[in-house]
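Worksheet: one structure, shown below.
The values are calculated or read from the model by the stated rules, or taken from the named source; none is laboratory data. All of these numbers come straight from a predicted model, not from anything done at the bench. Quick reminder, even Gly has a Cβ in these numbers, built from the backbone with ideal geometry, and neighbours come from all protein chains shown. Ligands, DNA and RNA are excluded from the accessible area calculation, which covers all protein heavy atoms including side chains. Shrake-Rupley method; radii C 1.70, N 1.55, O 1.52, S 1.80 Å.
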Amino acid sequence: PSTDCTTHVNVVDREGRMVALTTTLGGAFGSGVVAARTGIVLANVMTWFDPRPGHANSIAGGKRILSAIAPMVLLRSGAPVLCTGAPGGRRIMSAMLHVVTNIVDWAQAPQDAVNAPRTHCESGDLLVDTRVPEATRDALAAMGHRVSPKVETFASSHFARPSAIVVRGAELRAGVGALKSSTAIGVD
């Protein structure tokens, strides 16, 4: 399915304030309705509710839909040090786990962290980027996972497309997806 309906932006200003913003239309043209005199297309995310009563995501008054959107700002001693997020539907959550783990636990630069190979599993198959070594994929299969190797290219959408900005002192370092149309811009 196309993931072109979701956008993510990270911003850090000169005072060090951060914003991680993910927005989605829920489909290529959202609801197809534009708010009068605004040019803003309204989302159609109501379709994400489960129409069957009695389920966790069933339609009911006062409920909110389950969402995979996961923009993040991480703090160290109360100061923002990382903002990250991604478009990519349900694959966003696993991508955010990868990016944060790569930066926080493995001390990777943001560019390396967002471009690292990915895995994603939410049902039977474990999607594994083919950049993951074959021996690792074989070991996952030996553990009982149904490994489904996926080649990630500029045109594919097997995994989310994260970006990140890390603050280290006065220095900002950004990471954008090398296989996706992404841009990092610094303005002083």
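Brief remarks on what is shown
- DSSP bridge pairs, segment 5-95: antiparallel proportion in percent, nearest 5: 95 percent
- For the chain, DSSP calls about 80 percent of its internal beta bridges antiparallel.
- Alpha-carbon centroids, segment 118-133 and segment 142-165: separation in whole Å: 6 Å
- Within segment 114-188, percent of DSSP bridges classed antiparallel, to nearest 5: 60 percent
- Nonpolar atom fraction for the chain, defined as the carbon and sulfur part of the 1.4 Å probe accessible area, stands at 58 percent.
- Average accessible surface for the chain: 61 Å² per residue, computed with a 1.4 Å probe over protein heavy atoms with every protein chain in place.
- For the pair residue 183 and residue 28, label points projected 7 Å from Cα toward Cβ lie 2.4 nm apart.
- Rg/Rh (Cα only; Kirkwood hydrodynamic radius) as it applies to segment 69-176: 1.01
- Segments 149-162, 71-84 sorted - mean Cβ within 10 Å per residue, highest first: 149-162, 71-84
- Per-peptide packing, taken as the mean over residues of other Cβ atoms within 10 Å, places 102-108, 163-169 in the sequence 163-169, 102-108 from highest down.
- You can think of it this way: the chain between residue 138 and residue 155 has 3.5 nm of extra reach, that is 0.36 nm per residue less the Cα-Cα gap.
- Value of relative contact order over the chain, rounded to a whole percent, pairs C-alpha under 8 Å and six or more apart: 19 percent
- Of [x] 27, 26, 16; [y] 60, 27, 13; [z] 25, 19, 16, the label for semi-axes √(5λ) of the Cα gyration tensor in Å derived from the coordinates: [x]
- Computed over the Cα atoms of segment 1-87, the ratio of the radius of gyration to the Kirkwood radius (Rg/Rh) comes to 1.07.
- Sequentially through segment 34-43, phi angles give Karplus couplings (6.51, -1.76, 1.60; θ = phi - 60°) of 10, 4, 3, 6, 10, x, 8, 7, 7, 6 Hz, Gly and Pro residues having no value and appearing as x.
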